[in-house]
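Readers should treat all values here as calculations from the given coordinates under stated rules, not as data from a laboratory. Everything numeric here is computed off the predicted structure, so don't read it as measured data. Cβ placement follows ideal geometry from the backbone for every residue including glycine, while neighbour counts extend to all protein chains displayed.
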Amino acid sequence: MTLFCFGYVAYLDYKFREVENWVWIIFGASGIVGTLLVFRVGFLYSIILSVFLAISIWILGGFGGADAKALITLSLLFPTGLNDSTLYFPLLSFMFACVLAMPHALYTIYSKEDNKKTELPLLFYLFFGILVSLFVGKWFINLIL
């Protein structure tokens with residue numbers, strides 16, 4: 001479900017450069033219901049840290065409102081990854097999204113082309129960051145700890 005949600009919002013953000021609030025409300029509400037059904041204390045840590053980080057970066061101007069809502073929604077939909085494999089799955093996905101976006105961001109900064117034509121939204125990279133986290137997240141956490 002999470003991949004469907006983020007695939008859809010990545011498309012909306014790419015196509016229209018905006019994601020309506022009703023989309024986040026529906027996906028966030030389904031995440032709250034799912035999280036409450038299988039609640040664990042680790043979920044709370046992951047959600048609080050993700051929400052704090054998302055709001056802080058948004059307030060500081062690091063990314064837009066849709067990106068902040070995406071990180072918050074991801075923490076509600078998928079707080080710990082598959083089978084509780086990664087406690088901070090949303091933050092790991094965000095980290096992978098930033099790493100994936102870095103070459104494109106550098107190209108956009110240093111190219112002489114019109115940046116609006118080559119610009120891709122962060123939600124596009126967050127979708128792929130979720131995929132990378134699903135496949136290598138637990139391995140990566142074990143590698144660094």
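Of Leu122, Leu92, Leu12, the residue with the greatest mean-square motion in the GNM of the chain, using alpha carbon springs below 10 Å, is Leu12.
What is the diffusion coefficient of the chain in µm²/s, taking the Kirkwood radius over Cα pairs and the Stokes-Einstein relation at 10 °C with a viscosity of 1.306 mPa s? Intermediate results must be reported in sequence, preceding the final value.
Values: Rh = 15.6 Å.
Roughly 102 µm²/s, to the nearest whole number.
With Cα atoms as the point set, region 1-65 shows a radius of gyration and Dmax of 13.4, 38 Å. In the chain, with Lys and Arg counted as +1 and Asp and Glu as -1 at Cβ, which of these residues, Gly129, His104, Ala29, has the Cα nearest the positive end of the dipole, that is, farthest along it? Farthest towards the positive end: Gly129.
Among the helices of the chain (complete DSSP H runs), which have Cα atoms covering no less than 20 Å along the helix axis and a Kyte-Doolittle mean of at least 1.6? Once both thresholds are applied, what remains is 41-59, 122-144. Per-residue ellipticity at 222 nm computed for the chain from its helices equals -26000 deg cm²/dmol, with DSSP H segments shorter than 4 residues left out and the rest contributing -39,500 (n - 2.57).
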